[in-house]
Amino acid sequence: MITYDELHTQNHTITELSNVLLYLFKERSMCDTGACCELFYRCLEKVKEHIDLVDTNMYNKLLSHDDHKIQALARNFMSGSQEIKRIMQEYTKQWCPRKRSETLAIKDHEHFLKDSEEMSELVLQRIQMETEKLYPLIRGLSGDKKNVA
């Protein structure tokens, strides 16, 4: 059973990690630290876990609903999940060619910072859409204010 509190906790953790990383990434010398890399990989892992959890547990009821707008919303979220995963994969391929190494492969700091800010913005927008649209819709349909699935 997944609760809304668990989802909100995951979203808070991802937001916090993203904000800390963006702060650290602004200073080029911080990007090469083991602590920064550990946070970086933890953040990527948390985003993937969250998307997988939402994808696995939240769309079945919406996709089988009679209202086509609700079905479309579920398809849009599913499509967004796939797009975020694709972008994350490209991002990690470019900046982390050796998985779980203790350094990032940053040759162009400005480009890395720009890509990191865009990736973070994409994830944070997704979290906001879940919080403002997806969770309230599922709460309303199920009538359960505590448990998602």
Kindly provide the set of residues from the stretch 103-149 that are closer than 27 Å to A74 by Cα and of a type in the set (D, E, K, R), ordered by number. E117, E118, E121, R126, E130, E132, K133, R139, D144, K145, K146
Please go through the stretch 3-21 and pick out each residue that is surrounded by 16 or more Cβ atoms within 10 Å (Cβ to Cβ) and either among the aliphatic types (A, V, I, L, M) or outside any helix (DSSP H, G or I) (or both). L7, I14, L17, L21
Using the structure shown, decide if F112 is over 30 Å from C37 (Cβ atoms), within 20 Å of the chain's Cα centre (by Cα), surrounded by 12 or more Cβ atoms within 10 Å (Cβ to Cβ) and of a type outside the set (V, I, T). no
Name the residues in the stretch 32-84 that are open to solvent by less than 70 Å² (accessible area, probe 1.4 Å), charged (D, E, K, R) and not in a helix (DSSP H, G or I), would you? D67
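The values are calculated or read from the model by the stated rules, or taken from the named source; none is laboratory data. The structure displayed is predicted, hence computed values, not measured ones. Every residue, glycine as well, gets a Cβ built from its backbone with ideal geometry; the counts of neighbours run over all protein chains shown. Remember, those area values only see protein heavy atoms, side chains included, never the ligands or the DNA or RNA. Shrake-Rupley method; radii C 1.70, N 1.55, O 1.52, S 1.80 Å.
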